[in-house]
Protein chains: 2
Amino acid sequence: MTGTIETYVRQNEARFLDELNEFLRIPSISTLPEHKGDVQRAAEFVAAKLTAAGLDHVEIIPTAKHPLVYADWLHAPGKPTVLCYGHYDVQPPDPLELWHTPPFEPTLRDGNIYARGSADDKGQMYMHIKAVETLRALHGGKLPVNVKFLIEGEEEVGGASIAKYVPQHKEKLKADVALVSDTALYAEGIPTLCIGLRGLIYTEVECTATMRDLHSGLYGGAAPNAVFALVELLAKAKDSNGVIQIPGIYDDVKRPDATELESWDTLPFEEASFLKNEVGSTALTGEPGYTVLERIWARPTLEVHGIAGGFTGAGSKTVIPAKATAKVSLRLVPDQDPGKVIEAFRKFVEANAPAGTKMELRVLNGGPGLVVNPSHPAIATAAEVFGKVMGRPTVFTRSGGSIPIVGDFAEHLGIPTVLMGFGLPDDGLHSPNEKYCLKNYYTGIVTIAHFFERYGA
Amino acid sequence: MTGTIETYVRQNEARFLDELNEFLRIPSISTLPEHKGDVQRAAEFVAAKLTAAGLDHVEIIPTAKHPLVYADWLHAPGKPTVLCYGHYDVQPPDPLELWHTPPFEPTLRDGNIYARGSADDKGQMYMHIKAVETLRALHGGKLPVNVKFLIEGEEEVGGASIAKYVPQHKEKLKADVALVSDTALYAEGIPTLCIGLRGLIYTEVECTATMRDLHSGLYGGAAPNAVFALVELLAKAKDSNGVIQIPGIYDDVKRPDATELESWDTLPFEEASFLKNEVGSTALTGEPGYTVLERIWARPTLEVHGIAGGFTGAGSKTVIPAKATAKVSLRLVPDQDPGKVIEAFRKFVEANAPAGTKMELRVLNGGPGLVVNPSHPAIATAAEVFGKVMGRPTVFTRSGGSIPIVGDFAEHLGIPTVLMGFGLPDDGLHSPNEKYCLKNYYTGIVTIAHFFERYGA
C-alpha cells in the first residue's frame, strides 16, 4: 500500500469534481423521449469511466428502453463480492424558471454542486467508481473484494428493464451484498444507514365526460364536467387528515416494532425547522397520532403529482371540459402487496366515477416496500466503518422514497442491500436547485473505499 | 322598391358567403395576446364592410384592449332607431386535434359552414350588415329605420371596453331598441326569441402550498400538496348533484313564474337526444327537482373550466406540487348580484383553504343575468316577423349563456334588446368543429331586413 485512502482522495479532488461535472452536464432525463440520445451518452460516459477505473467486462446492454451498464472485477478469490448499483438517469428539471443556475450546468456555490442529478443519483453512484479507482491505485491494481457494477438508466421511470434483467441473470449478478448510494444522511455529520424503503405505485387516471368540450352557458347545470368529476373522485380518495379512503388499503400495514420507533425518537428532529427549511410551508399535514418521521417513513400515502384538463391559457374560456387527467401515486410500506393495492385502487376508481363519466386507470409502474436486517455482517461492517470515518455512531433510519431494485436484489439474488447514501435532507431531489454537498462527495468515496477494505478483511 | 328582400338575398347568396368566409379566416382570438394583430384586422374588416353597406360615421375606436367599431345611418326622421350589436372576436380553437378541418379555414359540409366564430358570432353579426345592404339596395339607398352599429372585439374575454364605453356615450348610442344575434333557434325551423340570459363571474383560483416542488417519497405524508388542496377546495364548492355549497349563494335566486315554466313544458325536448347528440355523454347531471331546461336556463352553476398543476408530461415524476391553478366560473340568474356572489365565493375560498396552503382568488370578469319583457313593441314585432318568415309561431326561451352588454344597454341606455339568433343548439360554440347552418345565415338576413321594415312601418 502506497498511501492512505484519505490522502489519495484529497490529492485527486479537483479531477474527481471535473469528472462529475462532465457527467452532470449530460441531460439524461429518462422520461422525456427527446432526451433518449442524452441518456445513451450518459451510459457511454459510465462505461468509459468503469473501463478507466480498471473494471473488466464493461458492457452497455441494450434494453427495451434505456441501456444498462455492467462491469466487474473478480480477482479476489475467497473474498466476498459486492454488487454496486446506481442510476445515471435523472428527473425532468421543470419548473425551469425556479432554478438559480441552469440544471445541466453544474455550479459550485457555498460548498454545494447545484445540478439536476447531483445527489440523485449521479454524484452518489460515481463515488463507487472513484472508490474502486482509489483502492486499485493504492493496492497496485488489486481490490480487497470482488465487485460487480450494474447501473441503470430507468430508475426515474420505474426501472422496468433492470427489473426484467436481474431475474434473468442471477448467476452473472451473484454477490454477497449489494451497495446502493441513493439515500441521505439523517443530518449533516450523522453517519446513516437506511434500512427501510417505501414501495410505489404510479398511475394515471383519465376522466372522459362528454364527446367534446361544451359551452358552459348552454350546458352548465346538466352536462357532466370531466375536470370536476376528477376533482370529486380524487377528493374522495383521501380525507383532509391524509387518511386514504380506499377500502382495505390499511389491511396489511404493520407499524415498525417498538425498538425501531424508540430509536427514531432519539434522532434530532425539529418540526419547526423541517416545516420552514425543508417543506417551506405554514403547516404540516398527515395522519394524526403518528410522528412526522413515521408518517414519511412508514405510512402509506396517496399523492396527486399533477393534474391537467380544460382551458388553462391566459384569460377566460367558458368550456365544460370533456377530458381531464391526473398523475396519482400510492407509497406502500413493507407487507403491502402492490398487486393487491392496485386492485383496491382500481375498484375505488370504478366505484366512484361520477355519473356520466368514464375513468380509465393506467398503472405506469409499481414495486413493494421493504426493510433490511441491521445485524447482517455487511450492514454491521458498513455501520462500523461509516461511524469511524465520520467520528460518531451510525444511526439506522428508513426512507419514504422507493428504490425498487433493492426488493429485486432480495427476491432474485437473495442478498441484502447496504443503503449507504451521502445526500442531505435539503438536497432538493426532484426539485429545482437540486444540490449535492461537495464535502460529502469526497467523504463518500473515502467511506466506500474503507467499507470495501474492511469487508474484504 | 325594386324587388323583394327574398329575391335580393337569393341573388347575392354566393357573394354573401364569400364575404363571410373572408371574415372567418381571420383568427381574431381575443384572449390570446399573440393574436392581437388579427383582432385588429377583424375590426378593420367590419369597418370596411359597414362603409361598403352605406353606413355613415364609420369609426374604429381604440380601447385599452381591442377596438370597438361604430357606424350609423340616421336619415329616417320620425322613425325608431335600432342599435345593432355583435362581436367580431372568437374563442380559442383548442383542442386543435379534434377539428376535422382547420378552424380558420371555413369549410362547407352538409349545408353548414365549419369554422371558429361561424355561429358565435361572426356569421350572425354579419347578417345585420347584409340586411342593411339589402334594404338600401331595394329602397334606393334608404332604410326604413335609423340604425347604429356597435361591434366589439372583447366579448369572449369579458367585454371590459364596451362596458366602459356605453355609459360614457349615452347620447351617441341613444336608440329605441337593441338588436343582438348571438343566440340560437330553439330547434331547426322554430323561430325563437331569447328573453332571458344568465350572468357570469369568471375567476382563477391559485393555490400555493410549499416553497418548491418536493419529492413525494421524502415528504409524502407530512407536506401539503397544492394540487390536492385545490381538489379538496373545489370538491367542497359543489355537491355531486350540482348543488353549490357556497353559503348564501341561493338567497336571491327566484324561479321563473308559472306561465314561463309552463311554456317551456310545451317546447319539444327529448332528454335522450339532448344527452346523446348535444352533450355526448352517458348521463346528465344537475340539481334534482328541476327540469333540464330550468337547470340550464334559470339555475346558477359553478363550473371548473380548466385546472393545471404539477407534472403533466409523459411518464412519471414523483413531485408534491407547490402550486396549482383552476379556472372557475359561476353562472348567475336574474336578481343575483355579481358583487355579492363574488364576496360569498371569496369568503368560501378563504374559509376552506386546507392547512398549509394559501388560496388566491382573481376575478377576471363578471356581469349580471337578466330577463326582457316579451310584450315590448319591438320584441312583439320581432316575434311576429320571425314567425311569418319561418311559417310557425315564435317561441320565447331563455339562454344559459351570458351576453353582458344586454344588461348594460338596459341599465345605461334604458332600452330592451331583441335577442334574435339563428344558430342551432348543436353548433358547438366554444368547441371544436363549431358550425353555422348556411340556410339560417340567409334566413337571418331576410328576417332582420323584414324586422327593420316592419318596425319602421
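Read-outs throughout are calculated quantities, based only on the coordinates presented, and are distinct from any laboratory measurement. Only a predicted model underlies this, so the values are computations on that prediction, with no experimental measurement involved. No Cβ is skipped: glycine too gets one built from the backbone with ideal geometry, and neighbour counts run over all protein chains shown.
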TODO: Using the number of other C-beta atoms within 10 angstrom as an exposure proxy, rank B:C84, A:C437, A:C207 with the fewest first.
DONE: A:C437, B:C84, A:C207
Task: Copies compared at B:E22 - label distances in nm, ascending, label defined 7 Å from Cα in the Cβ direction - done: 6.5
Task: About the Cα centre, charge dipole magnitude for the protein assembly as shown (Lys/Arg +1, Asp/Glu -1 at Cβ), debye - done: 420 debye
TODO: Could you tell me which residue in chain B puts its beta carbon nearest the axis mapping B onto A, with the distance rounded to whole Å?
DONE: B:A235, 2
Open item on the list: Please report the equivalent ellipsoid semi-axes of chain A, computed as sqrt(5 x eigenvalue) of the Cα gyration tensor, largest first, in whole Å.
Closed with: 41, 24, 22
Task: Cβ-derived FRET efficiency at R0 45 Å, B:D335 paired with B:R41, nearest 0.05 - done: 0.65
Task: region B:12-81: Rg to Rh, with Rh as the Kirkwood radius over Cα pairs - done: 1.06
TODO: Give the long-range amide H neighbours of A:G199: residues separated by 5 or more places, or on another chain, with amide H under 5 Å away, using H modelled in the peptide plane at 1.01 Å from N.
DONE: A:L332, A:V333, A:G369, A:L370
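Nearest 5 percent is fine: what portion of the DSSP beta bridges confined to chain B is antiparallel?
Antiparallel bridges make up about 70 percent of those DSSP assigns within chain B.
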- [ ] Using every Cα-Cα pair within region A:99-193, state what percent have a distance larger than 18 Å.
- [x] 63 percent
Task: the protein assembly as shown: antiparallel DSSP beta bridges as a percent of all, rounded to 5 - done: 70 percent
Task: Nearest-0.05 FRET efficiency for A:S375 and A:A351, computed from C-beta distance (R0 51 Å) - done: 0.70
TODO: Taking each label point as 7 Å beyond Cα in the direction of the beta carbon, state the distances from B:G414 to the same residue in the other copies, shortest first, in nm.
DONE: 9.8
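Going by C-beta contacts inside 10 Å, put A:M359, A:M420 in order with the fewest on the left.
Ranking A:M359, A:M420 by Cβ neighbours within 10 Å, fewest first, gives A:M359, A:M420.
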Open item on the list: With θ taken as phi - 60° and the coefficients 6.51, -1.76 and 1.60, list the Karplus ³J(HN,Hα) couplings across region A:201-212 in order, rounded to whole Hz; mark glycine and proline as x.
Closed with: 10, 10, 9, 10, 10, 10, 10, 10, 10, 9, 6, 7
TODO: Could you calculate, for region A:311-457, the ratio of the Cα radius of gyration to the Kirkwood radius, expressed as Rg to Rh?
DONE: 1.13
Task: Euclidean distance of C-alpha centroids, region A:147-177 and region A:332-365, integer Å - done: 28 Å
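If you place +1 on the Cβ of every Lys and Arg, -1 on the Cβ of every Asp and Glu, and leave all else neutral, what size is the dipole of chain B about its Cα centre, to the nearest 20 Debye?
Details: 43 positive and 56 negative charges, 89 e Å.
Dipole magnitude for chain B comes out near 420 debye.
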Task: Too-long pairs where the Cα-Cα distance tops 32 Å, listed order kept, from B:K36/B:K170; A:K358/B:K36; A:K49/A:K170 - done: A:K358/B:K36
- [ ] Round to a whole angstrom and tell me the spacing of the C-alpha centers of region B:314-331 and region B:71-130.
- [x] 35 Å
- [ ] Can you pull the one-decimal nm distance between simple spin-label points at A:V253 and B:T291, each 7 Å off the Cα toward Cβ?
- [x] 5.0 nm
Open item on the list: Students often forget the sequence filter, so: which lysines lie under 16 Å Cα-Cα from A:K435 once same-chain residues fewer than 8 apart are removed?
Closed with: A:K122
Task: Pseudo-label separations to other copies for B:A380 - Cα-to-Cβ vector, 7 Å, nm - done: 10.4
Task: FRET E, pair B:E22, B:A76, Förster distance 30 Å, beta-carbon r, rounded to 0.05 - done: 0.50
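Divide the volume of the convex hull of the Cα atoms of region B:62-119 by its number of residues and quote the answer in cubic angstrom per residue.
It is 144 Å³ per residue.
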Task: Nearby aspartates and glutamates by direct alpha-carbon distance to A:K327 (threshold 13 angstrom, same-chain neighbours under 8 apart not counted) - done: A:E204, A:E206, A:E303, A:E360
- [ ] Hey, can you grab everything whose amide H is under 5 Å from the amide H of B:T183? Only 5+ residues off in sequence or another chain; H modelled, so Pro and N-termini drop out.
- [x] B:G421, B:F422, B:G423
TODO: Sort A:L261, B:L83, A:L332 so that the residue with the fewest other Cβ atoms within 10 Å of its own Cβ comes first and the one with the most comes last.
DONE: A:L261, B:L83, A:L332
Open item on the list: How big is the dipole moment of region B:140-197 about its Cα centre under a simple scheme where the beta carbon of each Lys and Arg is +1, that of each Asp and Glu is -1, and everything else is neutral? Debye, nearest 20, please.
Closed with: 440 debye
Task: Descending semi-axes in Å of region A:386-457, equivalent ellipsoid built from Cα gyration tensor - done: 22, 21, 11
Open item on the list: With a cut-off of 8 Å between alpha carbons and a minimum separation of six or more residues, what is the relative contact order of chain B in percent?
Closed with: 26 percent
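Of all the C-alpha pairs in the protein assembly as shown, what % are more than 50 Å from each other?
35 percent
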Open item on the list: In Å, what Kirkwood hydrodynamic radius results for region A:215-364 from the alpha-carbon pair distances?
Closed with: 18.1 Å
TODO: May I ask you to derive the relative contact order of region B:80-125, considering only C-alpha pairs under 8 Å and at least 6 residues apart, and to give it as an integer percent?
DONE: 45 percent
Task: Nitroxide proxy distance, nm - points 7 Å out along Cα→Cβ at A:K276 and B:I342 - done: 3.7 nm
